Amino acid sequence: MGTTAKEEMSRFWEKNTKSNRPLSPHVTIYKWSLPMAMSITHRGTGVALSLGVSFFGLAALLLPEQFPHYLAVVKSLSLGPALIYSAKFALAFPFSYHTWNGIRHLV
């Protein structure tokens with residue numbers, strides 16, 4: 001008869017405790033570095049882009065009006081320039097950062 005998973009885990013932890021092996025390092029022991037921050041930001045912008053494209057594609061399929069109608073609605077809100085430029089930056093940053101960081105990685 002084979003051993004159960006519980007017995008295997010018990011044997012594994014007993015062996016590790018007796019041998020005084022260190023546990024795997026946790027994320028908190030690493031010092032933040034520029035490449036680490038760039039990698040995390042690259043992954044975050046990739047997720048944001050895929051979610052954004054999925055959201056806009058789904059909206060294009062499900063919403064009853066065409067795009068010019070929704071653009072006119074946004075224009076009619078008379079939002080201030082600070083909010084408009086912030087929104088433009090929030091849309092442009094993931095595209096530009098993800099693209100240029102990907103090119104940097106390939107080079």
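The values are calculated or read from the model by the stated rules, or taken from the named source; none is laboratory data. Predicted model, so just to flag it, every value in this text is computed and none were measured. Reconstructed Cβ throughout: ideal geometry from the backbone, glycine too, with neighbour counts over all protein chains shown. Note: areas computed on protein heavy atoms with side chains; ligands, DNA, RNA excluded. Shrake-Rupley method; radii C 1.70, N 1.55, O 1.52, S 1.80 Å.
In the stretch 25-74, what residues are among the aromatic types (Phe, Trp, Tyr) and closer than 23 Å to residue 95 by Cβ? It would help to see each step written out before you state the result.
Here is the first cut: in the stretch 25-74, the ones among the aromatic types (Phe, Trp, Tyr) are 30, 32, 55-56, 67, 70.
Selection gives 55, 56, 67, 70.
With the requirement that a residue be exposed (fewer than 10 other Cβ atoms within 10 Å of the Cβ), part of a helix (DSSP H, G or I) and either among the polar types (S, T, N, Q) or in contact (Cβ under 8 Å) with a residue 40 or more places away in the chain (or both), what does the stretch 1-18 give you?
17
Are any of the residues in the stretch 19-40 under 14 Å from the mean Cα position of the chain (by Cα), open to solvent by 80 Å² or more (accessible area, probe 1.4 Å) and free of Cβ contacts under 8 Å to residues at least 60 places away in the same chain?
Within the stretch 19-40 (the criterion being under 14 Å from the mean Cα position of the chain (by Cα), open to solvent by 80 Å² or more (accessible area, probe 1.4 Å) and free of Cβ contacts under 8 Å to residues at least 60 places away in the same chain), the answer is yes, since at least one residue qualifies.
Suppose we filter the stretch 87-102 for residues that are free of Cβ contacts under 8 Å to residues at least 24 places away in the same chain and open to solvent by less than 70 Å² (accessible area, probe 1.4 Å); how many remain?
Of the residues in the stretch 87-102, 4 are free of Cβ contacts under 8 Å to residues at least 24 places away in the same chain and open to solvent by less than 70 Å² (accessible area, probe 1.4 Å).
Scan the stretch 60-107 for residues that are over 24 Å from the mean Cα position of the chain (by Cα) and of a type in the set (Gly, Ala, Ser) and jot them down.
Passing the criteria: 72, 76, 78, 80, 82.
Return the residues of the stretch 44-67 that are open to solvent by less than 90 Å² (accessible area, probe 1.4 Å) and not polar (S, T, N, Q); say none if nothing qualifies.
So the first thing to find is which residues in the stretch 44-67 are open to solvent by less than 90 Å² (accessible area, probe 1.4 Å), and the list is 44-50, 52, 54, 57, 59-60, 63.
Scanning the stretch 44-67 gives 44, 46, 47, 48, 49, 52, 57, 59, 60, 63.
In the stretch 30-70, which residues are farther than 24 Å from residue 106 by Cβ and assigned to a loop (DSSP other than H, G, I, E, B)? Show your work before the answer.
Initially, the stretch 30-70 is screened for residues farther than 24 Å from residue 106 by Cβ, giving 30-32, 54-70.
Selection gives 30, 31, 32, 63, 64, 65, 66.
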